[in-house]
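*Asks:* Sharing a structure with you now.
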Amino acid sequence: LVSYVFGKRFSRKIEQPFNEIIEGAHKIGNHDLDFSLSHVKSTKELNQLVSAFEEMKEALKESLHRQWKLEQERRDMIAAVAHDLKTPLTIIQGHVEGLQEMKTLHPERLERYLQTIQASSRRCIQLIRDLEDVSKIEHPEFSLTVKQTDIKDFVLAKAKEYELLSHPKNITLEATFDNISSETNLVWIDPYRINQVLDNILSNSLRYTPQGGVIKWKTTIKEKEIIFEIEDSGPGFSTKNTSEIFEKFYRDDRSRNSEGGHSGLGLFISQMIVKK
């Protein structure tokens, strides 16, 4: 009788956690991972089983969340690419149809149509290039190709390039150096990828800096890092959460309505390269 009573009590004691494990297994099967199991006051082996099940559930939850996030990013990317390609392709189609319908080709009108088609084609090509870059940089095997570079010559060459682009808007580009000497100006960088970062930043500055504005670029050399500080007299970002600007396909409200537009991948690519 004592053995029977003890068995019944023990049975009731372990019945709840086993039922919870069974119920938890059903929930996992239905992708419901927001639950936890209660521990038993005694019975070491049963508690180990509950703990192991809980750890498995948490690992699975983390794995599924990553999978769901990647799937959502994939859907968002497809939607964003479709949206960004639709506008320039529609413009190209409309202008080609306009040319086909022309009975007489007026040279001025023909030139205007061809320029629009060319600009829209470039937007499509640039978006495809940006997508290729994202695919390369996000790949685990992506690596930088570094070589010894004279950082002062590198910066001055890039500044000269953008000084020429600044002339139409009468923008002044000031490139200055801090803590650079003949001993410190030789550094190991990937010139191609750093050029890509600077192109994204400086082209943004050039796009939004008003007529007669100023872009300041200060380069500082420290023991183990190069600091590029780029500041312009443009309006800045309208968003308060500046971390958003590094998200894929993020575009500030101003840039959404700007002529020509851009893919919204430039700053994401830049941040990925800097992190690498």
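The values are calculated or read from the model by the stated rules, or taken from the named source; none is laboratory data. Keep in mind that what you see is a predicted model, and the values were worked out from it rather than measured. As a convention, Cβ positions derive from the backbone with ideal geometry for all residues, glycine included, and neighbour counts pool all protein chains shown. To get the accessible areas, we keep the full protein, side chains included, count just its heavy atoms, and leave off ligands, DNA and RNA. Shrake-Rupley method; radii C 1.70, N 1.55, O 1.52, S 1.80 Å.
*Asks:* So, in the range 158-190, how many residues would count as being over 14 Å from Phe228 (Cα atoms) and either among the aromatic types (Phe, Trp, Tyr) or part of a helix (DSSP H, G or I) (or both)?
*Replies:* 11
*Asks:* So, one more: Take Val155 and decide whether it is within 24 Å of Glu225 (Cα to Cα) and open to solvent by less than 90 Å² (accessible area, probe 1.4 Å).
*Replies:* In short, yes.
*Asks:* A follow-up question, please. Would you be able to say whether some residue in the range 187-209 is more than 27 Å from Val134 (Cβ to Cβ), open to solvent by 60 Å² or more (accessible area, probe 1.4 Å) and not charged (D, E, K, R)?
*Replies:* Looking only at the range 187-209, we keep the residues that are more than 27 Å from Val134 (Cβ to Cβ), and these are none.
Looking for residues that are more than 27 Å from Val134 (Cβ to Cβ), open to solvent by 60 Å² or more (accessible area, probe 1.4 Å) and not charged (D, E, K, R), one finds none in the range 187-209, hence no.
*Asks:* Only residues that are assigned to a helix (DSSP H, G or I), of a type outside the set (S, T, N, Q) and either touching a strand residue (DSSP E or B) at 6+ places or on another chain (Cβ under 6 Å) or under 15 Å from Ala159 (Cβ atoms) (or both): list them for the range 191-231, please. Please lay out each step first, then the result.
*Replies:* Step one: of the range 191-231, the residues assigned to a helix (DSSP H, G or I) are 191-208.
Next cut, of a type outside the set (S, T, N, Q) only: 191-194, 197-199, 201-202, 206-208.
Of everything in the range 191-231, those that are assigned to a helix (DSSP H, G or I), of a type outside the set (S, T, N, Q) and either touching a strand residue (DSSP E or B) at 6+ places or on another chain (Cβ under 6 Å) or under 15 Å from Ala159 (Cβ atoms) (or both) turn out to be Pro191, Ile194, Val197, Leu198, Asp199, Ile201, Leu202, Leu206.
*Asks:* A further question on this structure: Residues to consider are Lys69, Lys13; find the one that is surrounded by 12 or more Cβ atoms within 10 Å (Cβ to Cβ) and either more than 30 Å from Val134 (Cβ to Cβ) or at pLDDT 70 or above (or both).
*Replies:* Values: Lys69 fails: surrounded by 12 or more Cβ atoms within 10 Å (Cβ to Cβ).
After applying the criteria, what remains is Lys13.
*Asks:* In the range 96-131, what count of residues is obtained for those that are more than 29 Å from Gly264 (Cα to Cα) and either in contact (Cβ under 8 Å) with a residue 40 or more places away in the chain or in a loop (DSSP other than H, G, I, E, B) (or both)?
*Replies:* At the first step, the residues of the range 96-131 found to be more than 29 Å from Gly264 (Cα to Cα) are 97-111.
From the residues that got through so far, the ones that are either in contact (Cβ under 8 Å) with a residue 40 or more places away in the chain or in a loop (DSSP other than H, G, I, E, B) (or both) too are 102-106.
Qualifying residue count, the range 96-131: 5.
*Asks:* Kindly evaluate Gln93 against the criterion of being open to solvent by 90 Å² or more (accessible area, probe 1.4 Å), over 30 Å from Val134 (Cα atoms), in a helix (DSSP H, G or I) and modelled with pLDDT of 70 or more. Give the steps one after another, and end with the answer.
*Replies:* Working: open to solvent by 90 Å² or more (accessible area, probe 1.4 Å): yes; over 30 Å from Val134 (Cα atoms): no; in a helix (DSSP H, G or I): yes; modelled with pLDDT of 70 or more: yes.
So Gln93 fails the test.
*Asks:* Still on this structure, I have one more. Using beta carbons and a limit of 7 Å, which pairs, at least six apart or on different chains, have the first residue in the range 179-196 and in contact (Cβ under 8 Å) with a residue 12 or more places away in the chain and the second one of a type in the set (Phe, Trp, Tyr)?
*Replies:* Within 7 Å, the pairs are Pro191/Phe154.
*Asks:* Continuing with the same structure: Does Asp34 meet the test of being modelled with pLDDT of 70 or more and loosely packed, with under 10 Cβ neighbours inside 10 Å?
*Replies:* Details: modelled with pLDDT of 70 or more: yes; loosely packed, with under 10 Cβ neighbours inside 10 Å: yes.
Yes, satisfied.
Residue by residue, here is whether (1) more than 27 Å from Thr209 (Cα to Cα); (2) surrounded by 13 or more Cβ atoms within 10 Å (Cβ to Cβ); (3) within 26 Å of the chain's Cα centre (by Cα); (4) not aromatic (Phe, Trp, Tyr) holds:
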| position | (1), (2), (3), (4) |
| --- | --- |
| Leu131 | no, yes, yes, yes |
| Ser135 | yes, no, yes, yes |
| Glu141 | yes, no, yes, yes |
| Thr145 | yes, no, yes, yes |
| Tyr162 | no, yes, yes, no |
| Ser166 | no, yes, no, yes |
| Ala175 | no, yes, no, yes |
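*Asks:* Being modelled with pLDDT under 90, more than 16 Å from Val274 (Cβ to Cβ), out of contact with any strand residue (DSSP E or B) (no Cβ under 6 Å at 6 or more places or on another chain) and buried (at least 17 other Cβ atoms within 10 Å of the Cβ): is that true of Ser182 here?
*Replies:* On the way: modelled with pLDDT under 90: yes; more than 16 Å from Val274 (Cβ to Cβ): yes; out of contact with any strand residue (DSSP E or B) (no Cβ under 6 Å at 6 or more places or on another chain): yes; buried (at least 17 other Cβ atoms within 10 Å of the Cβ): no.
It is false that Ser182 is modelled with pLDDT under 90, more than 16 Å from Val274 (Cβ to Cβ), out of contact with any strand residue (DSSP E or B) (no Cβ under 6 Å at 6 or more places or on another chain) and buried (at least 17 other Cβ atoms within 10 Å of the Cβ).
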